[in-house]
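**Q** Before I ask anything, let me first share the structure, which is written out below as structure tokens.
The values are calculated or read from the model by the stated rules, or taken from the named source; none is laboratory data. Since this is a predicted model, take the numbers as computed values, not measurements. Please note: Cβ atoms are built from the backbone with ideal geometry, for glycine as well, and neighbour counts cover all protein chains shown. Quick note on the areas: whole protein, heavy atoms, side chains included, nothing else; ligands and nucleic acids left out. Shrake-Rupley method; radii C 1.70, N 1.55, O 1.52, S 1.80 Å.
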Amino acid sequence: MTTNSPAATDAAAPTVKIDIWSDVACPWCYVGKRRLETALGRLAESGDGPQVEIEYHSFELAPDTPVDFDGTEVDFLAGHKGMPRAQVEQMLAQMTQLAAAEGLSYDFDALQHTKTLTAHELLHHAKAHGKQLEMKERLLKAYFEEGRHVGRVEELADLAAEVGLDRAEVLAALEDGRYADDVQADIDQARAYGINGVPFFVVDGRYGVSGAQDPAVFVQVLRQAATERDAA
């Protein structure tokens, strides 16, 4: 999937592929997405950025999560990680503040924790229809800022329609599981790469960037990848 990045102003500029392993229910993934976007904006301003092609890949941080989890995000993390509730509350408050610095309004009180496997199937459907980047943004915003339930097929179909996908087609795709193998292939590839946490960015198939790094890190890696592609 190619994004007409603002950094992509020169038709002769090399194209750098960024493969991103990410989960919809990952707060750092949304932050990492914003920091990458900031990096692309800086490259655009400098006028020497490469063209960028971005593709998201599936990763489940908590595959044992039920679709309908009965409890709050604090309940889930306290139980899943065995952490004291006060520590979880402090951690979420810090995450909310950190996200706010990136222009994101996390609402962990409203968040509905759920299994994200079907949301990943939707992202593959969106990719097949040229809407993966828009769908990824919509899912993250729905989950972290709006308290939407991104584990239910009907809700996912509603969100898909908002980005221009055909709701009936989405329902059919999610109900027959046609993208389940693609999701599993992404998860298997992550395992083959040794990825055990997300976000994880693979730049031009050569450089791995783990975590929601500072935009300057992405700028440096993208420039290096473009320089090497030019030299080749």
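**Q** Any chance you could give the angle, 0 to 90 degrees and rounded to 10, that helix 167-176 forms with the longest Cα principal axis of the chain?
**A** Around 70 degrees separate the two axes.
**Q** Now a separate question. Cα-Cα over 19 Å: which of K33/K115; K17/K127; K115/K136; K17/K115; K17/K131; K33/K131? Don't jump to the answer; show the numbers that get you there.
**A** On the way: K33/K115 21 Å; K17/K127 15 Å; K115/K136 16 Å; K17/K115 29 Å; K17/K131 17 Å; K33/K131 16 Å.
From the list (K33/K115; K17/K127; K115/K136; K17/K115; K17/K131; K33/K131), the Cα-Cα distance tops 19 Å for K33/K115; K17/K115.
**Q** Next up: If Lys and Arg each add +1 and Asp and Glu each add -1, what is the summed charge of the other residues whose beta carbon sits under 9 Å from the beta carbon of H129?
**A** Numbers: positive: K127, K131; negative: D166, E169.
For residues surrounding H129, the net value is 0.
**Q** Less than 19 Å from a label point 7 Å out along the Cα-to-Cβ axis of H80: which backbone N atoms in the stretch 107-132 qualify, by residue?
**A** Hits in the stretch 107-132 for H80 at 19 Å: 107-123.
**Q** Okay, next question. Only helical DSSP H runs with n ≥ 4 go in: add -39500 (n - 2.57) per run for the chain, normalise by residue count and round the 222 nm mean residue ellipticity to 500 deg cm²/dmol. Could the numbers behind the result be given before it?
**A** Values: 9 runs with 121 residues, N = 232.
It comes out at -16500 deg cm²/dmol, rounded to the nearest 500.
**Q** Accessible area per residue for the chain in Å², computed with a 1.4 Å probe and the full protein assembly in place, what is it? Let's see the in-between values first.
**A** On the way: 10590 Å² over 232 residues.
Accessible surface, normalised per residue, equals 46 Å².
**Q** Quick check: the angle from helix 117-128's long axis to the longest principal axis of the chain, C-alpha only, nearest 10 degrees?
**A** In the chain, helix 117-128 runs at an angle near 30 degrees to the longest axis.
**Q** Over the chain, what is the mean sequence separation of C-alpha contacts under 8 Å (at least six apart), divided by residue count, expressed as relative contact order in percent?
**A** 30 percent
**Q** At a Förster radius of 25 Å, what calculated FRET efficiency corresponds to the Cβ-Cβ distance of L171 and Y193, to the nearest 0.05?
**A** 0.15
**Q** Computed FRET efficiency, Cβ-Cβ of Q184 and A161, R0 35 Å: what is it to the nearest 0.05?
**A** The formula returns an efficiency of 0.85 here.
**Q** Show me the ranking of peptides 135-142, 81-88 by mean Cβ neighbours inside 10 Å, starting with the highest. Can you show the working numbers first?
**A** Details: 135-142: 21.4, 81-88: 12.2.
The most tightly packed comes first, giving 135-142, 81-88.
**Q** In addition: I'd like the carbon and sulfur percentage of the solvent accessible area for the stretch 62-196, probe radius 1.4 Å, heavy atoms only, ligands and nucleic acids excluded.
**A** Summing carbon and sulfur atoms, their accessible area is 47 percent of the total for the stretch 62-196.
**Q** Highest first, please rank the peptides 65-78, 42-55 by the mean number of other Cβ atoms sitting within 10 Å of their residues.
**A** Sorting 65-78, 42-55 by mean packing, highest first, produces 42-55, 65-78.
**Q** Express the relative contact order of the stretch 173-232 as a whole percentage, based on alpha carbon pairs under 8 Å and six or more residues apart in sequence.
**A** Across the stretch 173-232, relative contact order equals 19 percent.
**Q** Around Y207, which amide H atoms from residues at least 5 apart in sequence, or from another chain, sit under 5 Å from its own amide H, with H modelled in the peptide plane?
**A** none
**Q** Moving on to the next point. Enumerate the whole-percent occupancy of each 10 Å bin, from 0 to the last occupied one, for all C-alpha pair distances of the stretch 1-128.
**A** Histogramming the stretch 1-128 at 10 Å steps yields 12, 32, 32, 17, 7, 0 percent.
**Q** Taking the Cα atoms of the stretch 182-232, what is the range of coordinates along each of the three principal axes, in descending order and whole Å?
**A** Between the extreme Cα coordinates on each principal axis of the stretch 182-232 lie 35, 27, 16 Å.
**Q** Could you work out how far the C-alpha centroid of the stretch 70-84 sits from that of the stretch 135-199, in angstrom?
**A** 23 Å
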